[in-house]
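Reviewing the structure listed below.
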Amino acid sequence: MLPPAVDLDRKQSWPAAIVAEVTPLLPSILTECQATTAFELSGDRWHKPTPPTLSTKAAYGIINHQMADRRIKVFHATRLLDFDTVRREGLRPLNLDHQINTMRAALLAAGQFASVCEIDALIATVNISDDFFRGREGQIWATPLRRLLHDGSCDVFFDHWGGEAIQRLAATTSRQLVKGIQSLGAPAVVTASIPAFGCCTFSDWRLAPTMVNLMLERATMTEKSWGAWDVLVKQAIPAEWIESVLPKDDVSSVG
C-alpha cells in the first residue's frame, strides 16, 4: 500500500526524514538566501561568482530523495455542473470544443436561449483556433497550497463555469453571455493526490524550494511564503486519484 499523500499545508504528513534532516540546516539556508538576495541587488553580480548555497542544495537533495516515490495533494479550483461526475470519472484535460458544447447544452437546459444564440454567432465570427482561446487545451491546473485558492488569482475559475478558456470566449461578446456562464454550476475545490514527480510539469524544480520556504516560514525565520508554483498536469487525473470534491467554502477544502 502506498503511504498517504504529502499535504504541503500539513507538516505532520511530511516524511519524517525531511523534517529531521533539513531543520538543522535552516539557519544556514536563511543566511544563504539573504546573501544571494543581496548579491543579486548589487553590482557584484556582473563580475563576481554567486555566493555558495551548500546548505540549500543539500536540503533540496534530501527533499527530492525522500519525495521520489511519494504523492502530493493538489487543489483544483473550478465551477461544476455535477460534483459526482468528477468523483466517478476524475478530471480531464481541457478540450475547448467539448467545453463549448457542454456550455451550450447547460444554457439550453436553463432556458437561456439568448446566450446560446450569442455563442453560435460568436463561434461564426472569431478565430476559435487562436491560441488566445486554445492556449489551455490539453491541460489541468491546480495549486499545492490552500492559501493560493483564496488569494484572488483563482476567482475566475470559481466565478465562471468552464474556467479561463470559456471566460475569454465570453468576454469578447456582451455582458449577457458572461452572466450566463456565471450562473452555471457551483464553485468547487477538487482535491487530488498526484505523483510528486513526473506528473506535474514544474514540480521537478519547484517542489523542494517550496518545501524549504514553508519550513523557514513555520520556523518564523521568514514572513509568510507565497513561493509555491502552478501545478500543470498534461494528462487525465483518474478517479482513483481524486480525494474529494467539495463546495468552495467547505471547511475541509479551505481549512
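The values are calculated or read from the model by the stated rules, or taken from the named source; none is laboratory data. None of these values were measured; they are calculated from a predicted model. Here Cβ is always computed from backbone atoms with ideal geometry, including for glycine, and neighbour counts include all displayed protein chains. In case anyone asks, the SASA skips ligands and DNA or RNA and just uses the protein heavy atoms, side chains included. Shrake-Rupley method; radii C 1.70, N 1.55, O 1.52, S 1.80 Å.
Picking from residues in the range 74-84 that are charged (D, E, K, R) and open to solvent by 40 Å² or more (accessible area, probe 1.4 Å), the one that is farthest from V22 (Cα to Cα) is D82. Examine the range 138-152 for a residue that is hydroxyl-bearing (S, T, Y) and touching a His at 6+ places or on another chain (Cβ under 9 Å), and state whether such a residue exists. Within the range 138-152, one or more residues are hydroxyl-bearing (S, T, Y) and touching a His at 6+ places or on another chain (Cβ under 9 Å). Filtered by the rule that a residue be in contact with a helix residue (DSSP H, G or I) (Cβ under 6 Å, 6 or more places away or on another chain) and farther than 15 Å from A68 by Cα, the range 191-214 gives A192, V212. Taking A192 as the residue in question, decide whether it is open to solvent by 50 Å² or more (accessible area, probe 1.4 Å) and either of a type in the set (A, V, I, L, M) or modelled with pLDDT of 90 or more (or both). So A192 does not fit the description; no.
G111 - would you say it is free of Cβ contacts under 8 Å to residues at least 60 places away in the same chain and at positive phi? In short, yes. Would you check if there is a residue in the range 177-185 being open to solvent by less than 60 Å² (accessible area, probe 1.4 Å) and either assigned to a loop (DSSP other than H, G, I, E, B) or under 20 Å from D250 (Cβ atoms) (or both)? Within the range 177-185, one or more residues are open to solvent by less than 60 Å² (accessible area, probe 1.4 Å) and either assigned to a loop (DSSP other than H, G, I, E, B) or under 20 Å from D250 (Cβ atoms) (or both). Scanning the range 84-97 for residues that are out of contact with any Lys or Arg (no Cβ under 7 Å at 6 or more places or on another chain) and within 16 Å of G163 (Cβ to Cβ) turns up T85, V86, L91, R92, N95, D97. Contact annotation: residue pairs with Cβ atoms under 9 Å, 6 or more positions apart or on different chains, pairing a residue in the range 40-55 that is of a type in the set (A, V, I, L, M) with a partner that is at pLDDT 95 or above and surrounded by 11 or more Cβ atoms within 10 Å (Cβ to Cβ), are L54/S28; L54/E32.
Residues that are in contact with a Cys (Cβ under 9 Å, 6 or more places away or on another chain) and closer than 22 Å to L232 by Cβ: does the range 128-143 have at least one?
Residues of the range 128-143 that are in contact with a Cys (Cβ under 9 Å, 6 or more places away or on another chain), as a first pass: 142-143.
From what's left, closer than 22 Å to L232 by Cβ: 142-143.
Yes: the range 128-143 contains one or more residues that are in contact with a Cys (Cβ under 9 Å, 6 or more places away or on another chain) and closer than 22 Å to L232 by Cβ.
Scanning the range 44-72 for residues that are open to solvent by less than 40 Å² (accessible area, probe 1.4 Å) and closer than 30 Å to D250 by Cα returns M67, I72. Pairs under 7 Å by beta carbon, first residue under 10 Å from T173 (Cα atoms) in the range 118-129, partner part of a helix (DSSP H, G or I) and open to solvent by 40 Å² or more (accessible area, probe 1.4 Å), six or more apart or different chains? Sorted first by the residue in the range 118-129, then by its partner, the pairs are E118/Q176; I119/R104.
From R87, R92, grab the single residue that is open to solvent by 40 Å² or more (accessible area, probe 1.4 Å) and touching a strand residue (DSSP E or B) at 6+ places or on another chain (Cβ under 7 Å).
On the way: R92 fails: touching a strand residue (DSSP E or B) at 6+ places or on another chain (Cβ under 7 Å).
Of the residues listed, the single one that is open to solvent by 40 Å² or more (accessible area, probe 1.4 Å) and touching a strand residue (DSSP E or B) at 6+ places or on another chain (Cβ under 7 Å) is R87.
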